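The numbers here are math on the coordinates, done by the rules we state, and not lab data. The model shown is predicted, which means the values in this text are computed figures rather than measured ones. A quick note on method: Cβ atoms are made from the backbone with ideal geometry, for glycine too, and the neighbour counts reach across all protein chains shown.
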Amino acid sequence: MFQRLMKICSVLVVVSAFSLTAVAQQGKAEIGLAYGYYSYFTLKQGPPLSASTGTPNINMRYYLNNNVTIGLGVGFENINNWGSLLTFSPEVTIKYLDTKDDRVRIRLYGVAAMGLTVFDDLNLNPGHADNTGPKLWGFQFTPFGIRVGRKVAAFAEVGVGYKGLINAGLSYRFRTTPKKSNPADH
């Protein structure tokens, strides 16, 4: 049963990636690497909070327009006294401020994401039922995110979910289609 469910999840991730790639042909994309602290799972498990490794995560976002992106986030966390969690989560980002005409570009945004978390139960005590499998929903709600920079940028996010209460990292924005040339330039 677990292998069958994993195959279904894999197919859904691949189909989502191809769908997002088709959308990406419209303009720009961004890839980000980050590290978060105090995820929803850590807080749910409770003390000691130091049992968590934190949450390294990666996301890929495609710009539908200047204000909205869609993408896919993947995060991993190991909580020593509970288990390991791997989250795959489609996400939507909405910008509410952008200083693109200023010398230093600052972008403020919010993120909403909902996906699937695969849990690996680390409790090997006799009599404990193994809860390993894709049993948890992974989510992220980030009302405040800030990105400082243009192509290469630093970002920080404050929210709740699989990425943590605090999540920060670096991102790189790139074109997915060649820039249209202006006939007047020739």
(request) Could you list the trypsin sites (Lys or Arg not before Pro) in segment 65-107 that lie in coil according to DSSP, counting only those with at most 12 other Cβ atoms within 10 Å of their Cβ? (result) LYS100, ARG103
(message) Quick check on the exposure proxy: order ASP102, ASP121 from fewest to most C-beta atoms within 10 angstrom.
(response) ASP102, ASP121
(request) Between beta-carbons, use under 15 Å as the cut-off and find the net charge around PRO56, counting Lys and Arg +1, Asp and Glu -1. (result) -1
(request) Rank these for me by crowding, VAL74, VAL111, going from fewest to most other beta carbons within 10 Å. (result) VAL74, VAL111
(message) Can you give me the convex hull volume of the Cα atoms of segment 19-113, divided per residue and expressed in Å³?
(response) 110
